[in-house]
Amino acid sequence: MDGERLDTLQRLWTPWRMSYIRGDAGQDPRDIHGCPFCDLPGRGREADAESLILHRGDHAYAILNAYPYNPGHLMAVPYRHVAGLDELEPAELSELAQLCQRAVRALKACSGPDAFNLGMNLGAVAGAGIAEHLHQHVVPRWSGDTNFMPVVSQTRVLPQLLEETYTLLAPAFAEV
């Protein structure tokens with residue numbers, strides 16, 4: 001090896017996350033303008049796969065998170081642009097809860113997670129990345145899915161691309 005060091009490190013490349021890390025507006029590959037939760041469904045059903053929209057209801061829809069914590073991390077989102085849970089109409093609130101239930105069933109059917117995290121961050125101080133448009137997260141969890149990477153290097157290891165997750169989850173979502 002004459003002076004060469006053997007590099008045995010494995011590298012994890014996630015260049016798609018850089019726009020999120022830097023907070024670059026408009027750098028998302030889906031070219032979001034304004035509120036993404038208003039913009040994406042407004043593009044029409046023909047753009048659902050590109051927009052990662054899994055299901056459309058009357059008052060709310062389900063969409064894969066573009067910056068997931070785990071494969072299958074999705075959100076239930078009301079169409080109406082409201083920030084507070086207390087601002088939702090009863091039909092919107094009901095459909096939001098039903099979409100989360102449907103998401104859990106679909107994820108169980110196609111991915112077999114061991115558990116789930118469901119939740120809302122209401123307001124920027126509470127951790128909401130898009131505080132002005134309420135959304136509920138559904139995050140599938142598996143035993144051993146957390147390791148040192150998020151703590152040490154602020155990086156998540158995702159074993160599945162968003163497009164693969166969409167292809168797997170969309171049919172399961174339709175069946176439950």
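The values are calculated or read from the model by the stated rules, or taken from the named source; none is laboratory data. Quick caveat, the model's predicted, so the values are computed rather than measured. Backbone-built Cβ (ideal geometry, glycine too); neighbour counts: all protein chains shown.
Conditions tested, residue by residue: (1) hydroxyl-bearing (Ser, Thr, Tyr); (2) out of contact with any Cys (no Cβ under 8 Å at 6 or more places or on another chain); (3) modelled with pLDDT under 95; (4) within 19 Å of Ala131 (Cβ to Cβ).
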{"position": "Asp2", "(1), (2), (3), (4)": "no, yes, yes, no"}
{"position": "Val77", "(1), (2), (3), (4)": "no, yes, no, yes"}
{"position": "Leu88", "(1), (2), (3), (4)": "no, yes, no, yes"}
{"position": "Ser94", "(1), (2), (3), (4)": "yes, yes, no, no"}
{"position": "Leu99", "(1), (2), (3), (4)": "no, yes, no, no"}
{"position": "Ala115", "(1), (2), (3), (4)": "no, yes, yes, no"}
Under 6 Å between Cβ atoms, at least 6 apart or on separate chains: pull out the pairs that start in region 119-146 with a residue that is over 21 Å from Gly72 (Cβ atoms) and end on any residue that is aromatic (Phe, Trp, Tyr). His133/Phe37
Taking region 142-176 as the search range and keeping residues that are touching a strand residue (DSSP E or B) at 6+ places or on another chain (Cβ under 9 Å) and among the hydroxyl-bearing types (Ser, Thr, Tyr), which one is modelled with the lowest pLDDT? Ser143
Matching entry among Leu122, Leu118 (being assigned to a strand (DSSP E or B), of a type in the set (A, V, I, L, M) and surrounded by fewer than 18 Cβ atoms within 10 Å (Cβ to Cβ)): Leu118
Go through region 37-55 and give me each residue that's of a type outside the set (A, V, I, L, M), buried (at least 19 other Cβ atoms within 10 Å of the Cβ) and more than 14 Å from Glu95 (Cβ to Cβ). Phe37, Asp48, Ser51
Just checking, does region 69-84 include any residue being exposed (fewer than 15 other Cβ atoms within 10 Å of the Cβ) and farther than 15 Å from Cys35 by Cα? yes
Report whether or not Gln101 is under 14 Å from Ala62 (Cα atoms), of a type in the set (S, T, N, Q) and in contact with a Leu (Cβ under 7 Å, 6 or more places away or on another chain). no
Can you tell me which condition Asp58 does not meet? The list is (1) at pLDDT 85 or above; (2) surrounded by 17 or more Cβ atoms within 10 Å (Cβ to Cβ); (3) assigned to a loop (DSSP other than H, G, I, E, B), and all the others hold. (2)
Meets criteria (part of a helix (DSSP H, G or I), crowded, with 19+ Cβ neighbours inside 10 Å and either in contact with a Ser or Thr (Cβ under 8 Å, 6 or more places away or on another chain) or at pLDDT 95 or above (or both)) for Leu107: yes
Please state which one of Asp48, Asp114, Asp58, Asp86 is among the charged types (D, E, K, R) and in contact with a strand residue (DSSP E or B) (Cβ under 7 Å, 6 or more places away or on another chain). Asp114
